[in-house]
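Asks: I'd like to ask some things about the structure below.
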């Protein structure tokens, strides 16, 4: 009897649907999914999903890796994605690594480095040349030493 109900329920599961973390929900721990998720609540842990949308009330504290990420809430941690979309209400404290596209709206608060990764390609000759130019320029920068001289005039 129970086997029939269990097998029937397994067939009805929609693996392509979006999961939802509501505003009143708090999750502790890592989350992994081959599907998509909308976050309106609080998550403390790393997130590895196919697609994620962080709503204005949503907050994630941890690393986020996805194919596509859209951020309107808060993220404190490293972000890695092919496509990153950052809304005007987003607050991000952490580095952003993207492969294809980065879109930001005016007003977003980002505290961290933003870097485009090389899509898994090895360094091209152009990349190597640019890196060596930057390194040489840093070596040539003179050190600035400020000294203060005070002139003292004696009253006669």
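Taken together, the values in this text are just the output of simple stated rules run on the coordinates, not laboratory data. Computed from a predicted model, the values in this text were never measured in an experiment. Methodologically, a virtual Cβ is constructed for each residue, glycine included, from the backbone with ideal geometry; neighbour enumeration extends over all protein chains shown.
Asks: For segment 28-66 and segment 82-111, write down the distance between their C-alpha centroids in whole Å.
Replies: For segment 28-66 versus segment 82-111, the Cα centre distance is 15 Å.
Asks: Let me ask something additional. Per 0.36 nm of contour for each residue apart, how much would the distance between residue 76 and residue 33 grow if the chain were fully extended, relative to their Cα-Cα spacing?
Replies: Full extension of this stretch gives 13.5 nm more.
Asks: Same structure again: Expressed in nm to one decimal, what extension gain is obtained for the pair residue 48 and residue 65 from 0.36 nm per residue of sequence separation less their Cα-Cα distance?
Replies: Fully extending the segment from residue 48 to residue 65 adds 5.6 nm.
Asks: Right, something else. Within 10 Å of each residue's Cβ, count the other Cβ atoms and sort 20, 113 from fewest upward.
Replies: Fewest to most other Cβ atoms nearby, the residues stand as 113, 20.
Asks: Suppose R0 equals 30 Å. What FRET efficiency, 1/(1 + (r/R0)^6) with r the Cβ-Cβ distance, do residue 24 and residue 102 give to the nearest 0.05?
Replies: It comes out at approximately 0.40.
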